[in-house]
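The values are calculated or read from the model by the stated rules, or taken from the named source; none is laboratory data. Remember, it's a predicted structure, so these values are computed and weren't measured experimentally. Cβ placement follows ideal geometry from the backbone for every residue including glycine, while neighbour counts extend to all protein chains displayed.
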Amino acid sequence: MTNWKVPLADIDLGEEEIQAVNTVLRSRWLSMGPVTAEFERCFAEYLGVRYAFAVTNCTVALHLAHLALGAGPGDTVLCPSLTFVATANAICYTGATPVFVDITGTEDFNLSPEDIEARIDASTRGICVMHYGGYPCDMERIMQIARRHDLYVVEDAAHAPGAACWMPLQSGKEKEPAERVLQKCGTIGDIGCFSFFANKNMTTAEGGMITTNNPELAERIQRLRSHGMTSLTWDREQGHGFSYDVVALGYNYRLDELRAALGLVQLGKLPALTQRRVEITLAYREKLDGLPGLSLPFRHLPHLAAYHIFPILLDRDLDRHAFMQFMKAQGIQTSIHYPPIHRFTHYAAMGYGGERLPHTEDIADRVVTLPLYPQMGRSQVDYVAAAVTEWIVTNTSSAS
Ligand SMILES: *Cc1c(COP(=O)(O)O)cnc(C)c1O
């Protein structure tokens, strides 16, 4: 492992997490128990959603989401190409086909509502949005489009635990200007999916959560998560508690008690950790805003973000590879979110690659993610910003 002066991301793990895991080990009850139930209850309460089910990771959460909503062969599901590959893979797992939608532009890397609408046809079954960097998508318009075309909406909220969107309060009275409320990401579409992988805003090592307000979807999700078996409580209600039935082709996508214990501690820390992410983002913007040669996206979104990553956009004539090399030489780790899915070998072999995604193509070759994690100090932000500034000043003065 390279010894970075400033890594891209870091975990906030302490004695509390170690104690929580030890307590579970001493209890000798390791899976599907009270700690997982408590983690689900607390996560649902935090989001303000009726149902939350802990799962093995966000990839399987996405798989269950599309399955529960009935996607299958012959269906297409709209999703971004500028996202982690799991967003599209999960659609493929069901036999449905992803159709890539362009992003809004250089200010907002989230799905463009106009382009969503333009790509809807008779085969379209649903939309999977991804709240890039924890910055909420335009959910009001996306939900309007989905309702108009009778499409389901899955939110890939892997970056966005705690982020929230201003949404009109459903009053039932169409004509009156709706009162607006902040609604958390992952509770607006039919189903929300979260990741607790090690580099996310909160972590259980591997882990995820799937959320919904719909009781029928909740029942389907719960069954599919555990082999399609009828639940024990249901069995007891029916008076045949000694056996069970299998009512669907299910999976083992459960989370264990050790990870749930980690998740409970991390969830408790999440508001404070997000506040640090806000402060670091603002400190970066103060230092980098207005520099020639780069621009900063997501400056003007009205919603409440989760500040998962800090992407910058280099001007077209600058050499991203050289920039990342320079940062590495300073001990600063950078990354790219994301190489677009439609360009990957596997997807190209499936026939993708020829789509018109001009905004995705435009930023794909010049976006760079700078380090961002809660324990990052002011001096580290200053160090990274100074390195960026030095490289930019050197490389723009000769060009112009
Ligand atoms: C991390 C991530 C996933 C996958 O999450 P896992 O928990 O690692 O399966 C899916 N979508 C996005 C946008 C992600 O960043």
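Looking at segment 80-96, is at least one residue outside any loop (DSSP other than H, G, I, E, B), modelled with pLDDT of 95 or more and of a type in the set (Ser, Thr, Tyr)?
Within segment 80-96 (the criterion being outside any loop (DSSP other than H, G, I, E, B), modelled with pLDDT of 95 or more and of a type in the set (Ser, Thr, Tyr)), the answer is yes, since at least one residue qualifies.
Given the options Thr360, Thr369, Thr394, name the one that is assigned to a helix (DSSP H, G or I) and out of contact with any Asp or Glu (no Cβ under 7 Å at 6 or more places or on another chain).
None of the other options fit; the residue is Thr394.
Please tell me if Leu67 is within 23 Å of His227 (Cα to Cα), in contact with a Leu (Cβ under 9 Å, 6 or more places away or on another chain), touching a residue at least 12 places away in the same chain (Cβ under 8 Å) and more than 14 Å from the ligand (Cβ to nearest atom).
Yes: the conditions hold for Leu67.
For the list (1) surrounded by 24 or more Cβ atoms within 10 Å (Cβ to Cβ); (2) small (Gly, Ala, Ser); (3) part of a loop (DSSP other than H, G, I, E, B), I need the number of the one condition that Ala122 fails.
Every condition holds for Ala122 apart from (1).
So for segment 249-257 (the condition being under 30 Å from Asn22 (Cα atoms), modelled with pLDDT of 95 or more and away from the ligand (no atom under 16 Å from the Cβ)), does at least one residue qualify?
Checked segment 249-257: at least one residue is under 30 Å from Asn22 (Cα atoms), modelled with pLDDT of 95 or more and away from the ligand (no atom under 16 Å from the Cβ).
Return the residue satisfying two criteria in turn: it lies in segment 360-399 and is without any contact (Cβ under 8 Å) to a residue 12 or more places away in the chain and of a type in the set (S, T, N, Q), and of such residues it is farthest from Leu288 (Cα to Cα).
Ser398
When segment 109-162 is examined, which residues are found to be within 16 Å of the ligand (Cβ to nearest atom), under 18 Å from Pro340 (Cα atoms) and acidic (Asp, Glu)?
Scanning segment 109-162 gives a single hit, Asp156.
Output the residues belonging to segment 27-47 that are surrounded by 14 or more Cβ atoms within 10 Å (Cβ to Cβ) and at pLDDT 95 or above.
Listed by number, the residues that qualify are Val35, Thr36, Glu38, Phe39, Glu40, Cys42, Phe43, Ala44, Tyr46, Leu47.
Mind checking whether some residue in segment 308-315 is closer than 14 Å to Tyr373 by Cα, assigned to a loop (DSSP other than H, G, I, E, B) and at pLDDT 95 or above?
Yes, there is a match, as at least one residue in segment 308-315 is closer than 14 Å to Tyr373 by Cα, assigned to a loop (DSSP other than H, G, I, E, B) and at pLDDT 95 or above.
Looking at the structure I just gave you, is Val246 within 30 Å of Ala54 (Cα to Cα), exposed (fewer than 13 other Cβ atoms within 10 Å of the Cβ) and β-branched (Val, Ile, Thr)?
yes
Pairs only if they're at least six apart or on different chains, beta carbon under 6 angstrom, first in segment 142-168 and touching a residue at least 60 places away in the same chain (Cβ under 8 Å), second assigned to a helix (DSSP H, G or I) and of a type in the set (Ser, Thr, Tyr); list them, first residue then second.
Asp156/Thr87; Gly162/Thr274
For a quick check of your reading: which helices (runs of 4 or more DSSP H) sit entirely within segment 183-295 and have at least 1 residues that are outside the structural domain of Gln170 (by the TED database)?
257-288
Against the condition closer than 26 Å to Ala146 by Cβ, touching a residue at least 40 places away in the same chain (Cβ under 8 Å), within 16 Å of the ligand (Cβ to nearest atom) and not in a strand (DSSP E or B), how does Leu62 come out, does it pass?
yes
Of the conditions (1) part of a loop (DSSP other than H, G, I, E, B); (2) under 19 Å from the mean Cα position of the chain (by Cα); (3) surrounded by 23 or more Cβ atoms within 10 Å (Cβ to Cβ), Ala71 fails just one. Which one is it?
(2)
Hey, can you tell me all the residues within segment 309-351 that are without any contact (Cβ under 8 Å) to a residue 24 or more places away in the chain and touching a strand residue (DSSP E or B) at 6+ places or on another chain (Cβ under 7 Å)?
none
Select from segment 1-26 the residues that are acidic (Asp, Glu) and part of a helix (DSSP H, G or I) and write down the one among them that is surrounded by the fewest Cβ atoms within 10 Å (Cβ to Cβ).
Among those that are acidic (Asp, Glu) and part of a helix (DSSP H, G or I), it is Glu15.
Quick one: Ala52 ticks every box in (1) touching a Pro at 6+ places or on another chain (Cβ under 9 Å); (2) more than 30 Å from Arg299 (Cβ to Cβ); (3) part of a strand (DSSP E or B) except a single one, so which number is it?
Condition not satisfied by Ala52: (1).
Only one of (1) within 16 Å of the ligand (Cβ to nearest atom); (2) under 19 Å from the mean Cα position of the chain (by Cα); (3) assigned by the TED database to the domain that holds Glu216 fails for Gly48. Which number is that?
(1)
Hey, can you tell me all the residues within segment 86-112 that are within 14 Å of His159 (Cα to Cα) and either of a type in the set (Val, Ile, Thr) or free of Cβ contacts under 8 Å to residues at least 12 places away in the same chain (or both)?
The one that is within 14 Å of His159 (Cα to Cα) and either of a type in the set (Val, Ile, Thr) or free of Cβ contacts under 8 Å to residues at least 12 places away in the same chain (or both): Thr87.
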